[in-house]
Amino acid sequence: MSKETFRNTELIQASLKKRYAREKRFQLYGQLAVLAGFAFLFILLFDIVSKGTPAFTQKYLLVDVHFSADKLGVAPGAGEEELSRANYSGVIKASLREMFPDVSSRSDKRRLYRMVSIGAEYDLRDQVLSDPGLIGQRKDVWLLAHSEAASYLKGQVSRESPEAERRVKDVQMDWLDQLRDDGRTRSAFNTLFFLEGDSREPELAGIRAALQGSFFTLLVTFLLAFPVGVFAAVYLEEFAPRNRITDLIEININNLAAVPSIVFGLLGLAVFINFFELPRSAPLVGGIVLSLMTLPTIIITSRAAIQAVSPSIREAALGVGASKLQTVFHHVLPVAMPGILTGSIIGMAQALGESAPLLMIGMVAFIMDSPASVTDPATVLPVQIFLWADSPERGFTEKTSAAIMVLMGFLILMNALAIYLRKRFETK
Amino acid sequence: MFAPLPAAHRFFEDSIMQSSTVFLTLLALCAISFFVGRHRSRLIGMSAGGLQTLHSLPKHYGYMAALWAGLPALFLFVFWMLAEQPFIKNIVISGLPDDVRAMGSAELGLYYNQVVSYANGNVDEAMVNDVQRAAAVSYQNLLGYSRGLKLLLVGALALLGGALAVLKVKPELRARNHVENIFKWILFTCSFIAVLTTLGIVLSVLFEAIRFFQNIPIADFLFGLKWSPQMAIRADQVGASGSFGFVPLLVGTLLISFVAMLIAVPVGLMSAIYLSEYASRRFRSVTKPVLEILAGVPTVVYGFFAALTVAPFIRELGESIGLTVASESALAAGLVMGIMIIPFVMSLSDDIINAVPDSMREASLGMGATMSETIRKVLLPAALPGIVGGILLAVSRAIGETMIVVMAAGLSAKLTINPLEAVTTITVQIVTLLVGDQEFDSPKTLAAFALGLVLFFVTLLLNIVALYVVRKYREQYE
């Protein structure tokens with residue numbers, strides 16, 4: 001007997017090492033899993049920030065522009081209208097040729113012209129319009145660089161890679177080097193990115209139209225989803241009788257929360273655009289679709305917030321003779337409001353990042369002008385990101401990442417606000 | 001491909017202007033009714049011997065008058081807005097010459113759209129013929145009448161309602177109860193919108209899908225092995241009919257979801273176990289929100305990451321060891337989708353592991369089991385149904401996910417289970433079929449709705465089963 005016990009102890013002791021090793025290993029797997037999550041997050045953010053940061057600066061080239069009336073094709077003393085139609089691109093081309101007189105072949109000339117953005121013409125036009133005395137003069141002007149030239153100046157393209165695989169050719173690199181050595185290049189904060197709408201040229205493309213579209217869309221979403229969501233939550237928490245209809249509503253809300261967002265897009269297309277004939281591509285329809293999508297989130301969080309209000313508040317109000325409705329609107333809702341707002345902000349953040357349903361209702365148009373109202377064709381920031389990511393121009397990659405950074409910035413801001421509200425709510 | 005539709009947005013601006021005039025008038029009438037109602041109840045109360053003789057406070061009589069003025073008129077207004085355009089369309093079309101009306105409904109619709117665009121000044125005069133010009137004039141006239149009549153009728157109804165309510169004011173009128181009843185109905189309507197939304201989804205998707213199945217037999221759709229929705233432009237074109245076999249899409253969707261689960265389940269589950277059983281409270285309170293950032297990242301960002309970073313990386317990696325990897329491989333899309341779902345799996349399993357009673361944990365530890373033995377032999381078997389439910393929810397997420405696959409998965413449907421090849425998914429096909437200029441009635445667009453129907457029911461089924469399993473599991477330990 002005692003020998004047997006001894007043997008057991010021995011066995012257990014022998015297996016202990018193995019078991020502890022297994023315990024260590026298991027714990028390690030757990031740590032690795034957490035680490036993997038962190039690593040994914042870090043790689044994702046690092047990738048986007050490192051790709052997007054260069055987009056916030058823009059390169060300019062100092063060109064000795066000769067505003068010759070001849071090249072502009074204007075008569076002396078020309079009116080404003082004639083000046084605005086003058087040939088500014090010809091002036092830029094001629095000035096570039098003067099700066100690099102050795103360039104002779106046709107293809108090299110084309111490469112030379114390609115270093116300056118198309119947008120530079122409009123800059124020159126504005127300068128001449130504000131000061132017609134410039135005509136006939138020579139002046140050093142900072143001109144916006146083409147996105148390809150800028151990519152070399154920013155160090156994104158290297159000379160080592162095979163010339164056939166890059167857009168910036170060796171000759172262009174030589175010219176750019178020469179300009180840089182002469183101190184004729186400059187970088188500045190990219191204000192165009194925030195002030196302009198979409199463009200075919202990466203260096204001119206901006207997110208303003210998309211931001212405005214997002215704003216209008218979210219406005220519609222909030223105006224619809226917030227009151228309806230809160231009212232629905234109030235009904236379900238405070239008034240709903242226990243019956244089949246209430247069960248039906250609750251089941252529907254829970255299911256809607258899990259319906260894929262693209263299905264809401266199909267709903268929007270079939271019902272609001274084809275049946276009610278609302279305008280395509282408009283923030284109005286986008287906002288309606290997104291409000292239906294965020295409604296379950298708002299209802300569920302609002303219900304939780306209303307539930308958390310202590311019954312003593314209700315009983316006190318009812319006890320002094322308030323009606324059920326007065327109790328809810330005068331006493332319960334104000335107490336629950338921080339919680340409701342937290343949920344609504346999180347719902348809005350979801351709506352801000354959503355793009356799939358908006359593709360269905362045509363908000364993928366190429367939009368240069370900011371929408372002025374909820375019925376104008378518009379696009380939103382996530383869809384703009386989608387469009388740029390799809391674009392073959394390499395210059396759009398950094399724009400895409402930069403737009404993502406702006407979008408994420410807004411999301412972080414909204415979530416921080418929600419967390420702040422929740423914290424304040426908890427300490428009360 | 002992404003050109004905006006030029007038609008009719010000027011018109012909508014106009015109609016919004018007009019609608020807001022009507023709406024503001026309505027608001028003003030409500031406000032007036034409120035003040036008149038309140039004032040009259042005060043007068044009546046004072047003459048009956050003081051305000052305490054009234055059943056309700058004067059403002060409740062005001063609210064009642066405002067509601068009576070506003071609600072019926074609002075219903076009329078909304079109804080009018082919805083009915084206006086179809087109604088005018090019918091009248092205008094019935095006024096057209098017989099040879100025009102003999103056209104098919106699709107052509108007639110286009111013809112009519114031109115009339116409307118011309119009437120709204122969006123189309124040049126040269127684009128339309130004399131008949132259309134005449135129709136445009138009658139359209140404008142009708143629209144003018146309709147708008148005038150709308151303002152008039154809505155205003156009259158509001159006045160009538162307000163006046164009736166004001167006349168009804170008596171000390172014994174239970175205005176407060178009346179107002180609150182109406183309000184309860186408004187609250188109920190708000191919550192009923194959820195039901196209407198589901199109904200709208202089911203009906204819109206179902207109707208279009210049924211029209212699709214009138215062209216394409218349902219068996220061909222469900223069991224066909226080839227998906228190439230190219231429809232002929234001319235009837236005699238080679239390969240005229242597209243093939244709408246759904247199986248390659250389903251296999252592609254499941255393949256990508258499977259890859260996603262291979263990433264998300266181990267990482268999510270193990271992180272949840274580590275954080276809830278091993279980690280200190282402080283470590284947990286920092287780590288969990290950080291990992292949940294992954295859930296807040298918009299899907300379009302993941303799509304960009306998958307298409308421009310992960311997919312090229314995997315292709316180069318594959319090439320360096322001698323494998324041919326498609327540039328839009330299922331592996332890349334699945335991997336990134338897995339990353340997206342990690343926090344989802346993590347928080348679900350966290351809830352479920354925490355729901356296992358502590359007595360089970362303590363009993364096992366008390367018997368001398370190590371923590372990992374307790375987790376593997378006691379906690380996980382006990383939590384298994386719940387975890388399976390959570391994983392089903394995550395799968396339904398993965399199947400319905402759109403942006404990542406639109407940006408990083410392929411377009412052509414290939415029947416394969418090799419994750420290194422490009423496959424396409426249900427959601428990708430819905431987007432490619434519907435984005436761009438399409439006629440609404442072509443089988444291509446209808447096919448998108450048929451896919452939407454399948455998607456809706458598959459995810460619905462998964463969710464119902466998952467929620468049922470999770471609920472049963474919770475009840476077990478309550």
Which of A:Leu45, A:Leu112, A:Leu28 ends up with the largest GNM mean-square fluctuation for chain A, with Cα atoms connected below 10 Å? A:Leu28
Convert each backbone phi in region A:88-103 into a coupling constant with the Karplus relation 6.51 cos²θ - 1.76 cosθ + 1.60 (shift: θ = phi - 60°), then list the ³J(HN,Hα) values in order as whole Hz, x for Gly and Pro. 6, 5, x, 4, 4, 4, 4, 5, 5, 4, 5, 6, 10, x, 6, 5
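To the nearest 0.05, what FRET efficiency results for B:Met46 and A:Asn254 with a Förster distance of 51 Å applied to their C-beta separation? Could the numbers behind the result be given before it?
On the way: r = 53 Å, r/R0 = 1.04.
Once rounded, the FRET efficiency stands at 0.45.
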Amide H to amide H, which residues 5 or more places from A:Ala145 or on other chains are under 5 Å from it, using H placed in the peptide plane? A:Lys59, A:Tyr60, A:Leu61, A:Ser117
How many nm is it between the label spots at A:Asp174 and A:Ser50, if each spot is 7 Å from the Cα in line with the beta carbon? 3.3
Length released on extending from B:Leu380 to B:Ser94, taking residue separation times 0.36 nm less the Cα-Cα span: 95.9 nm
Compute the separation of the alpha-carbon centres of region A:164-208 and region B:148-172 and state it in Å as a whole number. 66
Rounded if a/c is under 1.5, else prolate if a/b is larger than b/c, else oblate: which is region B:363-475, with a ≥ b ≥ c the root eigenvalues of its Cα gyration tensor? prolate
Which value in deg cm²/dmol, rounded to the nearest 500, describes the helix-derived mean residue ellipticity at 222 nm for the protein assembly as shown, given -39,500 (n - 2.57) per DSSP H run of n ≥ 4 and division by the residue count? -22500 deg cm²/dmol
Within region B:107-132, name every residue whose backbone N is under 14 Å away from a label modeled 7 Å from Cα of B:Met17 along the Cβ vector. B:120-121
Identify all lysines with a Cα-Cα distance to A:Lys71 below 16 Å; exclude those on the same chain that are fewer than 8 residues away in sequence. A:Lys93, A:Lys139
How big is the charge dipole of the protein assembly as shown about its Cα centre, in debye rounded to the nearest 20, if each Lys and Arg gets +1 on its Cβ and each Asp and Glu gets -1 on its Cβ? 3180
Added length on full extension, which subtracts the Cα-Cα distance from 0.36 nm per residue, A:Ser161 to A:Lys109: 16.4 nm
Distance in nm between B:Glu475 and B:Asn181 label points, each 7 Å along Cα→Cβ, equals 3.8
Please name which of A:Ile251, A:Thr301, A:Gly362 has its Cα lying farthest along the dipole of region A:208-427 towards the positive end, using unit charges on Cβ (Lys, Arg +1; Asp, Glu -1) and the Cα centre as origin. A:Thr301
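Once you average over the residues of B:368-375, how many Cβ atoms of partner chains fall within 10 Å of each Cβ?
On the way: counts 2, 2, 8, 3, 10, 4, 0, 3.
Mean partner-chain Cβ count within 10 Å for B:368-375: 4.
From the Cα gyration tensor of the protein assembly as shown, with a ≥ b ≥ c the square roots of its eigenvalues, which class applies: rounded if a/c is under 1.5, or else prolate if a/b is larger than b/c, or else oblate?
Working: a/c = 1.64, a/b = 1.04, b/c = 1.58.
Note, shape of the protein assembly as shown comes out oblate.
In debye to the nearest 20, how big a dipole does region A:67-115 give about its Cα centre with +1 on each Lys and Arg Cβ and -1 on each Asp and Glu Cβ?
420
Tell me, what is the percent relative contact order of chain B, built from C-alpha pairs under 8 Å that lie six or more residues apart?
Numbers: 599 pairs, mean separation 78.6, N = 478.
Here the relative contact order equals 16 percent.
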By how many degrees, 0 to 90 and rounded to 10, does the Cα axis of helix B:311-320 deviate from the longest principal axis of chain B? 20
Taking 0.36 nm per residue of sequence separation and subtracting the Cα-Cα distance, how much length would be gained by fully extending the chain between B:Met360 and B:Ser138, in nm to one decimal? 71.9 nm
Distance in nm between B:Asp124 and A:Phe6 label points, each 7 Å along Cα→Cβ, equals 11.0
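Classify region A:58-188 as rounded, prolate or oblate, taking a ≥ b ≥ c as the square roots of the eigenvalues of its Cα gyration tensor: rounded when a/c is under 1.5, otherwise prolate if a/b is larger than b/c and oblate if not.
On the way: a/c = 2.39, a/b = 2.01, b/c = 1.19.
Here region A:58-188 falls in the prolate category.
We did not get these values from a lab; they are worked out from the coordinates using the rules stated. Bear in mind that the values here come from a model prediction, so they are computed numbers and not experimental data. Backbone-built Cβ (ideal geometry, glycine too); neighbour counts: all protein chains shown.
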